[in-house]
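The values are calculated or read from the model by the stated rules, or taken from the named source; none is laboratory data. Quick caveat, the model's predicted, so the values are computed rather than measured. Ideal geometry is used to build each Cβ from the backbone, glycine not excepted, and the neighbour counts take in all protein chains shown. Keep in mind that these areas ignore ligands, DNA and RNA; they rest on the heavy atoms of the full protein, side chains included. Shrake-Rupley method; radii C 1.70, N 1.55, O 1.52, S 1.80 Å.
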Amino acid sequence: MMKISFFSRIRKFVADARKKSKGITLGEFTRSYADERRKEGEKIYEGRCGSVLGMLKHLETFGGSDIPLKKVDVETVKQFIDYLRSAHDLHKNMKAPGKLSDSTIHLKVNILKSVLREAVRQGLLDQNPFDRLPLSYRVKAQYKERTALTQEELIKLSETPCNTPELKEAFLLSCITGLRKSDILSLSINDIEKCDDTYYIYKKMKKTQRWLRLPLPEEAHHILSKLHAKNGNTPYFFAHLSPHHLGEHLEVWLEDCHISDKHITFHSGSHNKIFYRLNISELSVLRNVTANDLETSYILFLSQLYNIQRTL
C-alpha cells in the first residue's frame, strides 16, 4: 500500500509539473477571476462570480477552457462568438432550452473581454484579442421596450388564482414595490423592522448592494407574519417558491388572466410603473376589491402604499 501511495504521489507531481510548464489555461484563469469577485456571504452562482461562471460553462462546452491562456488570440474569440450565436441555454432545470438571446450573448462576450483584460493587466497575456476584433464580430446590446401592466390588469391579477404557490404574491409584490426578483425571493422576516409605530422593509439590494427602506402598513406586516408562520422554521416568506421555471408558471397565470398580448416577465414586474402614476383616490379602487384569500389580502394591503420609489 505504501508503494502504491508513493507512486501515485510521483505521478501527481509529474502531472502538476507538466501543467505548470504549459502555463495556466483560459478556463483556470477564468475560474480564479470569478473566485476573486465573489463577495462574502454570496453563493457561488450569485452576483458577478455567478455571471463569470455562467460564461465559463459555455467556454467549456465550446471547448476553449483548456486552451493555454497565452495562446488565446483573435481567432479564439471569433470562434467563441460564432458558438454563442448558435448556442442554447445550459441551465439544467429547463425542459426545452432556447437559443441564447442577443442580450445574453452580449453579456457573455463582455465578460470574456473583461477576463482577458485582467490577464493583460497581470502580464499573463500580451494583448487583449478584443482590441483587434473585426467589426463584424462586435456584439451590440439589444434594448427592448419595457412592458408595463395597467391598473385594470393588476386588479385582474389580484383576483385570479395562481396554481403556483406564492408566485402570485411574489410577482405582485415586485410590481408594487419595485423590488427585483432576487430581492423578493430572498425577503425574510429579518428584513422587517418597526420604527415609530411604522413597519418597514429594510433590505440590502443584491444587484446594487444599496440599502432600501420601504414603508409597510401594520396590517401588511401582520399578513407577512402569517406567511412566515405558514412556512415553518424558515425565515423566508417565499421559501416554497422555486426560482426554476418561474417564467413558464407566470405565463400560465397570465393566460388565465387573459393577459397574453404583452410580453411580461418576472423581471418586468420590478419595472412596472403603475403605482408611480396612481394617486390616493385611485388606490381606493384597489382597496374596494374583495379579498377572498390570504395572498390577495396581502396584495391589497400593499397597494395602499403611495410613496414608493423605484430602486436603481
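Tabulated values for the structure
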quantity: Normalised convex hull volume, region 101-251, alpha-carbon set, Å³ per residue; calculated: 180 Å³
quantity: Candidate residues Trp253, Trp211: accessible-area rank, largest first, probe 1.4 Å; calculated: Trp211, Trp253
quantity: Proximal aspartates and glutamates to Lys204, defined as alpha-carbon separation beneath 17 angstrom and excluding residues fewer than eight positions away on the same chain; calculated: Glu40, Glu42, Glu46, Asp183, Asp191, Glu193
quantity: Rounded to whole Hz, the Karplus (6.51, -1.76, 1.60) HN-Hα couplings of region 157-168, x for glycine and proline; calculated: 5, 5, 8, 9, x, 10, 6, 9, x, 6, 5, 4
quantity: FRET efficiency, 1/(1 + (r/R0)^6) with R0 45 Å, evaluated for Cys195 and Lys262 via beta carbons; calculated: 0.75
quantity: Subset of Lys206/Lys262; Lys39/Lys156; Lys57/Lys156; Lys43/Lys156; Lys113/Lys181 violating a 32 Å alpha-carbon distance limit; calculated: Lys39/Lys156; Lys57/Lys156; Lys43/Lys156
quantity: Ranked packing of 65-73, 26-34, most packed first, by mean Cβ within 10 Å; calculated: 26-34, 65-73
quantity: For His249, solvent-accessible area (1.4 Å; no DNA, RNA or ligand), Å²; calculated: 70 Å²
quantity: Packing rank of 200-210, 131-141, 182-192, where each peptide gets the mean count of other beta carbons within 10 Å, highest leading; calculated: 182-192, 200-210, 131-141
quantity: Karplus-derived HN-Hα couplings along region 26-35 (A = 6.51, B = -1.76, C = 1.60, θ = phi - 60°), whole Hz, x at Gly and Pro; calculated: 4, x, 5, 5, 4, 5, 5, 4, 5, 4
